[in-house]
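**Student:** Can you read through this structure? Questions will come right after.
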Amino acid sequence: MKPIGIPGILRYDPAIGKYALLISVFLIVASCSSLPEIQPFRPPLPKGSENRCEQPFVKNKWQFVHSIRAVLPNGQRQSMIGTIIVAPERNRVHCILMSIEGLVLLDAVYDQKVIVNRAVPPFDEPGMVQGLIWDVRLMFLKPEGVSTGSGVVEERSAICRYKNGDGSTVDVIVQLDGNWRIDQYSSFDFIQRSVQGFFAEDHQTGVLGEFIPERLELVAHGFMGYKLSMNLIEAIPLFSQGLSE
Amino acid sequence: MRRFFFFNIVFGFFFLSSVWAVTLEQIQKEAAGVFSVRAEFIQEKHMKILAKPLVSTGVMLFKSPKSVRWEYFQPVRSILMMDNGRVKRFIEGENGLVEDLGPAKEIMQFVLQEITYWLKGEFDSSSNFTTSLKGERTIVMTPKEESFLKVIERIELTLSDQPGVMDRVRIIETQDTYTEYRFQKTMVNIPLADVLFRKI
């Protein structure tokens, strides 16, 4: 077939098209699959740099209430109220999703395994419950994997990298302003989840030594991706009140 | 599946009766005399695992025969409107109130349809509950179907001293989990413009 195009400037050859498609796919995949390069900490370090990666994770038992806006894989938007009870010392999370009118859509616990107390469609799909529980754990609990590196990325943001037994990677990145991001990558370094925690500019004070973000945004990447935007309504420190489940 | 979402039926119980009515027939007769209601409400969700109940506040408007506006102010602003059977639901997002087009709309259409039966005291029009009077002040509604009973144990409506006004509705899911709606500043048979049920 004769090449198409303006001679001397740009010619289209079908054979080139085939390769171009492959190259495009490769570039798209490559763009989604790179772990950021970690630069070593260099003095002078910002105050508390060494411990900044710990900041996103709760150290004691809390009850959080959020308003949640979800964009589901089919593009549907749903608003809910979410109550999450996190007990880091037991690696336990209890997640209750309800409609604004008070209907409990999902009541599930992770305590070594996922236990569903109540679920109504579409939250009765086992895969969905499992995914939600893992999302909550990613947001609030320190990664269980082995720490494989720490340092600086993106203009002096602190980063800590954890490698899990299944080959997946979790990067915890904390910016100088306190906002943070947690990225989870598959064993092939494809990004799977991104969580961002945002603090109000005038509300960076901690509660009992812990810093709870006013807003959380989670993006699940991929074909069946979804997005959760969570605004904090209430954070109750259960450990300071002697409250237990 | 729709029946699982029947929790929200509180909307419908607002002014079914008065303390002076002693039979369901009398309740229906009194309800027939009410053509509009406005009341503020406090919604409390109680669960054993919660350190304290989740509290929401809002206002409810009803206009006979089939118009309802159920509006939350806190913690998430949302408006559910039914205008002569047509339902719209709006929830506040980053860009203000946005119409909710998800499956919840279909569910709420069903819920509000049921509500209109109760607002008129027409208990027989709904095949979902067995209704009885407990003392002089409380109407107890029990789901008829086993599958529904697994979700809602019963619903209790506590009547006010004022004819045509409800004090409290409690939707009991289990012994430890229930939603309570307390009504206050109730006004009955006041003029309510149709636009309140059509526009946000």
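**Student:** Rank by packing, highest mean first: peptides A:109-117, A:140-148, with packing defined as the count of other Cβ atoms within 10 Å averaged across residues.
**Tutor:** The densest-packed peptide leads the list: A:140-148, A:109-117.
**Student:** Per-residue mean of other chain beta-carbon atoms within 10 angstrom of the beta-carbon, peptide B:172-180? Write down the numbers at each step before the final one.
**Tutor:** Values: counts 0, 4, 2, 0, 0, 5, 1, 5, 1.
Neighbouring Cβ atoms belonging to other protein chains average 2 per residue here.
**Student:** Of A:K61/A:K113; B:K52/B:K185; A:K59/B:K150, which pairs sit farther than 28 Å apart, going by alpha carbon to alpha carbon?
**Tutor:** Over 28 Å Cα-Cα: A:K59/B:K150.
**Student:** For A:L228, what is the net charge nearby, where nearby means another residue's Cβ is under 9 Å from its Cβ and Lys, Arg count +1, Asp, Glu -1?
**Tutor:** Neighbourhood net charge equals 0.
**Student:** Could I ask something else about it? Distances longer than 26 Å among the Cα atoms of segment A:66-192: what percent of all pairs is that? Intermediate values should be presented prior to the final figure.
**Tutor:** Working: 2503 of 8001 pairs.
The calculated P(r) of segment A:66-192 puts 31 percent of pairs beyond 26 Å.
A short reminder: the numbers here are calculations on the coordinates, not readings from a lab. Since we're looking at a predicted model, the values are computed, not measured. Counting neighbours? That spans all protein chains shown, and the Cβs are built from the backbone with ideal geometry, glycine included.
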